[in-house]
Amino acid sequence: MSTAAPVSLVTGANRGIGRETARQLAALGHTVLLCARRREDAERAVAVLAPAVPGRLLPRRLDVTDTEGVRALAVAVEAEFGRLDVLVNNAAVNYDTGRRAVSVDLDEVRSTLETNLLGAWRTAQAFLPLLRRSARPRLVNVSSESGSLAHMSGGTPAYGVSKAALNALTRKLADELRAERILVNAVCPGWVATDMGGPGGAPVERGAAGVVWAATLPDAGPTGGFFRDGEALDW
Ligand code: NAP
């Protein structure tokens with residue numbers, strides 16, 4: 001089915017910042033593919049959110065570590081919509097505050113990179129042909145200031161390195177896609193009170209707003225940047 005409404009896809013959208021990003025995009029009228037590792041989690045989130053937003057929220061199963069699953073969803077989205085306007089790579093794991101780079105188990109680092117870096121990378125590659133068919137393609141990598149080399153310190157080794165690498169990927173993709181007018185940016189949502197962020201952070205509405213800002217940039221908007229609340233951050 002084709003639609004005039006922007007078609008957006010958010011990974012890891014059954015809870016936390018991803019779920020709120022999906023809600024805010026649907027509140028703007030987007031058709032949102034709300035993705036979760038387990039289909040029932042996506043369906044549960046849609047059931048809660050859909051009644052209060054004008055845009056369509058569609059539950060989809062997507063594990064970003066599953067190459068075949070990612071490709072299969074891209075094929076399904078192509079058949080259903082023929083394009084994708086916004087891709088939000090939000091899914092992430094393992095804010096490893098108790099670990100140190102000098103001693104962390106490298107299997108844990110590897111599995112963190114598999115989701116936080118390669119998950120975003122494979123999803124971007126799979127959906128790029130559909131983004132290319134959009135009139136206003138936007139790609140947002142939900143990152144963290146933990147990945148800023150300018151402020152890099154010890155601790156949270158797997159997570160910090162994964163987000164630094166995600167930031168590097170953002171710049172690679174942005175540069176390679178600049179001529180095609182696909183805007184690619186990294187966004188730090190700030191410290192947000194979610195399962196990952198724990199209590200004490202900002203409400204999800206605030207963290208997701210910065211993601212939605214990058215997902216809805218005007219055509220003259222930036223690409224290859226790193227932002228929080230729409231303000232540039234040091235790499
Ligand atoms: P969260 O509450 O832990 O949610 C993470 C989401 O990612 C969940 O929906 C989870 O699904 C999903 N996910 C994990 N592995 C996945 C996979 N292989 N495939 C698909 N989905 C997967 O985290 P959050 O705080 O909302 O974080 C969202 C983003 O913001 C992340 O990129 C995070 O690094 C970033 N961030 C957060 C903060 C903060 O303070 N919260 C700060 C800076 C950056 P399941 O329910 O199936 O586990």
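According to the calculation over all Cα-Cα pairs in segment 10-59, the P(r) per 10 Å bin from zero is 35, 59, 5 %. Along segment 57-62 the Karplus relation, 6.51 cos²θ - 1.76 cosθ + 1.60 evaluated at θ = phi - 60°, assigns HN-Hα couplings of 10, 10, x, 9, 8, 7 Hz to successive residues, with x for each Gly and Pro.
Taking the Cα centre of segment 162-235 as origin and assigning +1 to Lys and Arg Cβ atoms and -1 to Asp and Glu Cβ atoms, the resulting dipole is close to 120 debye. Coordinate range of the alpha-carbon atoms in segment 116-185 per principal axis, descending: 42, 21, 15 Å.
Under the convention that each Lys and Arg Cβ holds +1 and each Asp and Glu Cβ holds -1, the size of the dipole of the chain around its Cα centre is about 400 debye.
Entry note: the chain has Rg to Rh equal to 0.94, where both radii use alpha-carbon atoms and Rh is the Kirkwood radius.
By the helix-only formula, in which each DSSP H run with n ≥ 4 contributes -39500 (n - 2.57) and the sum is divided by residues, the chain has a 222 nm mean residue ellipticity of -13000 deg cm²/dmol. Can you give me the angle between helix 39-49 and the longest principal axis of the chain, using Cα atoms only, in degrees from 0 to 90, rounded to the nearest 10? The angle comes out near 70 degrees.
Between Arg133 and Leu106, the modelled label-to-label distance comes to 4.2 nm, taking each label 7 Å out from Cα in the direction of the beta carbon. Summing charges over all other residues whose Cβ lies under 14 Å from the Cβ of Ser8, with Lys and Arg as +1 and Asp and Glu as -1, gives +4.
Between the residues Thr216, Gly119, Cys188, the greatest Cα displacement towards the positive end of the dipole of segment 7-232, with unit charges on the Cβ of Lys, Arg, Asp and Glu, is found for Thr216. A dipole drawn for the chain from +1 and -1 charges on Cβ atoms has a positive end, and of Ala158, Val88, Leu58 the residue lying farthest that way is Leu58.
Less than 5 angstrom separates the built amide H of Val93 from those of Asn116, all sequence-distant by 5 or more or on a different chain. Among the trypsin sites (Lys or Arg not before Pro) within segment 96-184, those in coil by DSSP and having at most 16 neighbouring Cβ atoms inside 10 Å are Arg100, Arg132, Arg133, Arg181.
Counting only Cβ charges, +1 for Lys and Arg and -1 for Asp and Glu, the dipole size of segment 41-156 around its Cα centre is about 540 debye.
Considering only the other residues whose Cβ falls under 11 Å of the Cβ of Asn90, what net charge follows from Lys and Arg at +1 and Asp and Glu at -1? Combined, the nearby Lys, Arg, Asp and Glu give +1.
Values in this text are rule-based calculations from the coordinates and carry no lab data. What you are looking at is a predicted structure, and each value in this text was computed from that prediction instead of being measured. Neighbour counts run over all protein chains shown; Cβ positions are idealised from the backbone, glycine included.
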